[in-house]
Amino acid sequence: MLTPEEFASPLGKRVYDLRHTCLTNWLNDGIPPAQVAEWAGNSVPVLLAIYARCISGHLRDLKKRILARGDLPEI
């Protein structure tokens, strides 16, 4: 854990940026949010409240998976 002085320093900001990037990459790589939350020491609701807007690139794959089961309503 960083001290308040370390956290306020440029290095502290960089550490947080790296953490944010790592968690975002894990979520975008399809690692389940529950696992990412456990590794990050967060709850799933906290993780998704912060990172949900960072998750991208999954919609096409998710639609394919739903269509394969036949559960997607026609629009």
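The values are calculated or read from the model by the stated rules, or taken from the named source; none is laboratory data. Predicted, not measured: the structure shown is a model, and the values here were computed from it. Note: ideal-geometry Cβ built from the backbone for every residue, glycine included; neighbour counts use all protein chains shown. We work out accessible area using only protein heavy atoms, side chains counted, and drop any ligands, DNA or RNA first. Shrake-Rupley method; radii C 1.70, N 1.55, O 1.52, S 1.80 Å.
Taking every Cα atom in the chain, find the radius of gyration and the maximum pairwise distance Dmax, and write them in Å.
In Å, with Rg to one decimal and Dmax whole: 16.6, 56.
Find the accessible area per residue for the stretch 1-64; the probe is 1.4 Å, ligands and nucleic acids are left out, and the unit is Å². Intermediate values should be presented prior to the final figure.
Details: 4820 Å² over 64 residues.
Value for the stretch 1-64: 75 Å² per residue.
Set the Förster radius R0 to 25 Å, insert the Cβ-Cβ distance between Asp17 and His58 as r into 1/(1 + (r/R0)^6), and round the FRET efficiency to 0.05. Write down the numbers at each step before the final one.
Details: r = 23 Å, r/R0 = 0.92.
Between Asp17 and His58 the formula returns 0.60.
Leaving out ligands, DNA and RNA, and with a 1.4 Å probe, what % of the accessible surface on the chain is carbon or sulfur?
Numbers: 3770 of 6090 Å².
It is 62 percent, rounded to a whole number.
Add -39500 (n - 2.57) for each DSSP H run of 4 or more in the chain, then divide by its residues: what number comes out at 222 nm, to the nearest 500 deg cm²/dmol?
Values: 5 runs with 51 residues, N = 75.
Calculated mean residue ellipticity at 222 nm is -20000 deg cm²/dmol.
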